[in-house]
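Visitor: Here it is: the structure, laid out below.
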Amino acid sequence: MIVALAGGVGAAKFLRGLVEVMPPEDLTIISNTGDDIEMFGLHISPDIDIVAYTLSGLVDEERGWGIRGDTFDSLDMIRRYDEPVWFNLGDRDLATHILRTRQLRAGLSLTEITAAQCAALGIASHILPMCDQPVPSMIRTPAGYFHFQEYLVQRGGREDVLEVVYQDIAHASPAQGVLDALSEAEAILFCPSNPIISVGTILAVPGIRDAIRSSAAPVVAISPIIQGATLKGPADLMLQGLGFEVSAYGVAQYYGDLLSGYLLDTLDADLGPRVEALGLRVEVTNSIMKTLDDKVALARAALNLARTCS
Ligand code: GDP
Ligand code: FO1
Ligand code: CA
């Protein structure tokens with residue numbers, strides 16, 4: 001079993017490559033749910049859906065989220081009722097949120113609901129939410145205290161980050177199957193996701209960090225920061241706000257002693273010796289995923305690096 005800790009768009013591109021180079025049913029994806037938010041009474045799990053839509057071929061590849069060809073007529077109607085609309089839920093996408101919400105109200109866990117979602121969409125890999133309890137990631141900026149989606153989508157994700165709070169996480173516990181997957185893993189991969197608000201959130205669920213530490217599996221991360229910047233999203237502002245160097249090296253430092261190997265982008269080859277000095281085995285490769293070939297090559301490089309670390 002290969003286990004991947006995953007956020008949204010960056011992770012999904014990598015996982016799309018990974019399922020081409022290994023049996024997809026041997027892959028367990030632990031998904032960040034700190035981004036989850038309630039909208040119009042519906043439970044939205046953006047990172048689960050981004051990965052599920054990507055692995056089932058439904059995703060709008062240009063945006064990286066939502067469903068290709070979706071329409072937004074329902075939101076237009078909601079606007080006519082003078083409701084503020086800032087999160088773009090497509091008409092087809094809404095079906096996922098409506099059913100998820102109904103099943104949650106009926107008492108099913110997010111883990112059970114996600115397993116059924118994957119089966120229905122024909123996904124052979126296993127997507128597990130990191131936990132079943134709501135644990136919203138909150139961001140403090142000079143302007144106030146906001147849910148991550150409010151910070152990113154409603155306010156544009158440009159404000160300095162003073163603090164990141166994983167609300168209620170102390171009372172959360174790993175979802176069913178998460179600890180078993182980590183203890184049985186042949187390799188654990190940290191996808192190229194936001195280290196603080198995606199992978200970091202998963203690591204903050206009590207028990208997950210220890211399970212990774214005590215697993216015999218090599219742990220390999222793919223840097224989401226290239227040449228000191230993000231390709232997308234506010235990871236750079238968050239690293240900066242929390243006092244980490246805004247570079248692939250800063251991310252390696254943030255993950256600290258959890259890692260055994262690290263994939264650096266070719267453009268960051270000069271950081272290799274500094275990352276190696278942290279005690280990590282480093283591989284340098286193109287990590288900018290535009291085409292399917294890029295995704296497949298990066299996935300293969302990650303698995304190869306994990307093999308040499310074990
Ligand atoms: P998340 O996956 O939910 O954490 O959020 P995003 O997908 O918006 O982006 C998180 C991180 O993924 C950002 O820091 C991006 O720089 C990184 N990322 C996105 N695409 C790529 C890519 O093709 N290669 C690499 N190495 N990182 C990427
Ligand atoms: N991201 C945006 O930047 N704007 C949106 O309106 C938006 C809507 C949306 C709807 C469903 C969904 O599953 C994801 C959506 N995302 C949107 C992406 C998402 O909020 C973030 O990019 C991720 O949480 C970061 O990985
Ligand atoms: Ca995310």
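Coordinate-derived values only; no laboratory data. Given the structure is predicted, the values throughout are model-derived calculations rather than measurements. Note that we place each Cβ from the backbone using ideal geometry, even for glycine, and neighbour counts take in every protein chain shown.
Visitor: Loop sites only, by DSSP: take the trypsin sites (Lys or Arg not before Pro) in the chain that have at most 14 other C-beta atoms within 10 Å and name the longest stretch containing none of them.
Guide: Answer - 69-157.
Visitor: Now a separate question. Residues with beta-carbon under 13 Å from that of residue 241, excluding residue 241: net charge, scoring Lys, Arg +1 and Asp, Glu -1?
Guide: -3
Visitor: Separate question: Any idea how far apart residue 39 and residue 294 come out in nm if each label point goes 7 Å out from Cα toward Cβ?
Guide: Between residue 39 and residue 294, the simple spin-label model gives 2.6 nm.
Visitor: Which value in Å is the Kirkwood Rh of the range 76-205 over different Cα pairs?
Guide: Here the Kirkwood hydrodynamic radius works out to 17.2 Å.
Visitor: Turning to a different aspect of this structure: With the chain treated as a Gaussian network of Cα nodes joined by springs under 10 Å, which of 129, 218, 273 yields the largest mean-square fluctuation?
Guide: Among 129, 218, 273, the largest mean-square fluctuation in the Gaussian network model of the chain belongs to 273.
Visitor: To make sure I understand, if each residue's beta carbon is the centre and we count other beta carbons within 10 Å, what order do 309, 191, 118 fall in, fewest to most?
Guide: With the sparsest Cβ surroundings first, the list reads 309, 118, 191.
Visitor: Residues in the range 46-74, backbone N under 11 Å from the label point at residue 121 (7 Å along the Cα-to-beta-carbon vector): list them, ranges by number please.
Guide: Within reach of a label on residue 121, which here means backbone N under 11 Å from a point 7 Å along Cα→Cβ, the range 46-74 contributes 46-60, 65-68.
Visitor: Between residue 240 and residue 286, how many nm apart are label points set 7 Å from Cα along the C-beta direction?
Guide: My value for the distance between the label points is 2.9 nm.
Visitor: Also, quick follow-up: Quick one: compute a quarter of the convex hull surface over the Cα atoms of the chain and quote it in nm².
Guide: 14.9 nm²
Visitor: Also, I was wondering about something else. Roughly what angle does helix 46-55 make with the longest principal axis of the chain, taking Cα atoms, 0 to 90 degrees, to the nearest 10?
Guide: Value to nearest ten degrees: 70.
Visitor: Average projected area of the Cα convex hull of the range 160-310, in nm²?
Guide: Approximately 9.0 nm², given one-decimal rounding.
Visitor: What is the helix-to-structure angle for 9-21, meaning the angle in degrees between its Cα long axis and the longest Cα principal axis of the chain, kept from 0 to 90 and rounded to the nearest 10?
Guide: Once rounded, one gets 60 degrees.
Visitor: Then there is this: Calculated FRET efficiency, residue 88 and residue 158, Cβ-Cβ r, R0 30 Å, to nearest 0.05?
Guide: Rounded to the nearest 0.05, the efficiency is 0.95.
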